[in-house]
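Every read-out reported here was derived from the displayed coordinates using simple, explicitly stated rules and does not represent laboratory data. The structure presented is a predicted model; accordingly, all values stated were derived computationally and were not measured. So basically every Cβ, Gly included, is an ideal-geometry build from the backbone, and we count neighbours across all protein chains shown.
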Amino acid sequence: MPPSSPSLPMPPMIEVRALHKSFESREVLRGVNLSVAQGSTAVILGGSGSGKTVLMKHLIGLLQPDSGEIFIEGAPIARISGHALNELRRKFGMVFQAAALFDSMTVFDNVAFPLREHTRKPENEIARIVHEKLDIVGLRDIDAKFPAELSGGMKKRVGLARAIALEPKIVLYDEPTTGLDPITTDYVDEMILDAQKKLGVTSVVISHDIGSAMNIANHIAFLHQGQICAEGTPEQMRASPHPAVATFLSTWRGKR
Ligand SMILES: Nc1ncnc2c1ncn2[C@@H]1O[C@H](COP(=O)(O)OP(=O)(O)OP(=O)(O)O)[C@@H](O)[C@H]1O
Ligand SMILES: [Mg+2]
């Protein structure tokens, strides 16, 4: 039998401590604390303007905190710049709200873009990776199509294939299901779950769609008045006595 090695405690993939951020006199984040375990899917829920996108931008160094700390795999990242910031960003894949594909490029070229931009891989290797990623998001034989020829859900899938092209450890999704019909929303939810299962990535999903959150999250954190006012598993959130969460839940229940 192999000798049993003491298992080292794994740091959370993402840890945010006492994060404060104001724009002029407006305090948007007022002491956010958040921990996201490796390989899990966390959903940050909150109303429009609650600061979800601002919080996400801090994770990849697009915004700097006024105070507080952010750790990615245990390393502090607030106030880093230059090479260290580039290295940090390589750990992340981003799926933007509007898919943000390059309209003048084919699906193939969209997914190949980060590989051509950030690696020196030969074209045949790039083609292999592009097809592997498109396969993961359930798309085949659409290499030559342009974004305008795709449905909203397909665009999101291509956006994810592009986001995972460089094999990031963390995938951030900003409002992945906003503006989609319920069936397409289910597809996109499945895609997020699949990406997590097949790639073992840690996912952070910013959303105001509580139905999606209930489907995909291991952990839900509710951002309200600049703080995480409630968090837990979907089950725990269902039972949350917090009034802001209860209001969110009642609108969701009303739609089902
Ligand atoms: N660069 C900036 N300069 C000034 N104010 C900003 C900036 N970025 C965000 N804000 C303000 O911070 C607040 C939170 O914005 P944020 O975009 O994070 O909201 P959100 O929760 O993502 O909302 P939505 O669900 O509508 O996307 C808003 O009042 C916004 O106007
Ligand atoms: Mg936003």
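Is the shape of the stretch 153-211 best called rounded, prolate or oblate, per the rule: a/c under 1.5 gives rounded, else a/b larger than b/c gives prolate, else oblate, with a ≥ b ≥ c the square roots of the Cα gyration tensor eigenvalues?
The shape class here is prolate.
Classify the stretch 72-158: rounded, prolate or oblate, from the alpha-carbon gyration tensor (a ≥ b ≥ c, eigenvalue square roots; a/c under 1.5 rounded; otherwise prolate if a/b is larger than b/c)?
prolate
Amide H neighbours of residue 230 under 5 Å, counting only residues 5+ apart in sequence or on other chains, H built in-plane at 1.01 Å?
222
Average projected area of the Cα convex hull of the stretch 163-247, in nm²? Before the final figure, lay out the partial values.
On the way: hull surface 24.7 nm².
Averaged projected hull area, Cα only: 6.2 nm².
Counting only C-alpha contacts under 8 Å and six or more residues apart, can you give the relative contact order of the chain as a whole percent? Intermediate values should be presented prior to the final figure.
Details: 467 pairs, mean separation 64.3, N = 256.
Dividing the mean separation by the residue count of the chain yields 25 percent.
List the lysines whose Cα sits under 17 Å from the Cα of residue 21, skipping any in the same chain fewer than 8 residues away.
52, 57
Under a 10 Å cutoff between Cα atoms, tell me which one of 167, 69, 24 has the largest fluctuation in the Gaussian network model of the chain.
24
Between residue 236 and residue 48, what is 0.36 nm times their sequence separation minus the Cα-Cα distance? Round to one decimal in nm.
Between residue 236 and residue 48, full extension yields 65.4 nm more.
Counting each pair of different Cα atoms once, what's the Kirkwood radius of the chain in Å, rounded to one decimal?
For the chain, the Kirkwood estimate is 19.2 Å.
I'd like the Karplus ³J(HN,Hα) series for the stretch 127-138: coefficients 6.51, -1.76, 1.60, θ = phi - 60°, whole numbers in Hz, and an x wherever there's a Gly or Pro.
4, 4, 5, 4, 5, 4, 6, 5, 4, 4, 8, x
Which of 124, 110, 215 ends up with the largest GNM mean-square fluctuation for the chain, with Cα atoms connected below 10 Å?
124
Kirkwood Rh over Cα pairs of the stretch 115-256 into Stokes-Einstein at 10 °C, 1.306 mPa s: D in µm²/s?
Translational D for this selection: 95 µm²/s.
Quick one: net charge of residue 97's neighbours, Cβ under 14 Å, K/R +1, D/E -1?
Once all neighbours under 14 Å are counted, the net charge is +1.
What share of the DSSP beta bridges in the chain is antiparallel, in percent to the nearest 5?
So the antiparallel bridges in the chain amount to around 55 percent.
If the elastic network links every pair of Cα atoms under 10 Å, which of 155, 52, 121 fluctuates the most in the Gaussian network model of the chain?
Of the options given, 121 has the highest mean-square fluctuation.
Which whole-Hz couplings ³J(HN,Hα) result when phi for each residue of the stretch 199-208 is put into the Karplus expression 6.51 cos²θ - 1.76 cosθ + 1.60, θ = phi - 60°, listed in order with x for Gly and Pro?
10, x, 6, 8, 10, 10, 10, 9, 7, 10
Output ³J(HN,Hα) for the stretch 66-72: one whole-Hz value per residue in order, computed from phi by the Karplus curve 6.51 cos²θ - 1.76 cosθ + 1.60 with θ = phi - 60°, and x for Gly and Pro.
Running phi through 6.51 cos²θ - 1.76 cosθ + 1.60 with θ = phi - 60° gives 6, 7, x, 9, 10, 10, 10 Hz.
Under 5 Å between amide hydrogens, which residues at least 5 positions from residue 14 or on another chain qualify, with H placed 1.01 Å from N in the peptide plane?
36, 73
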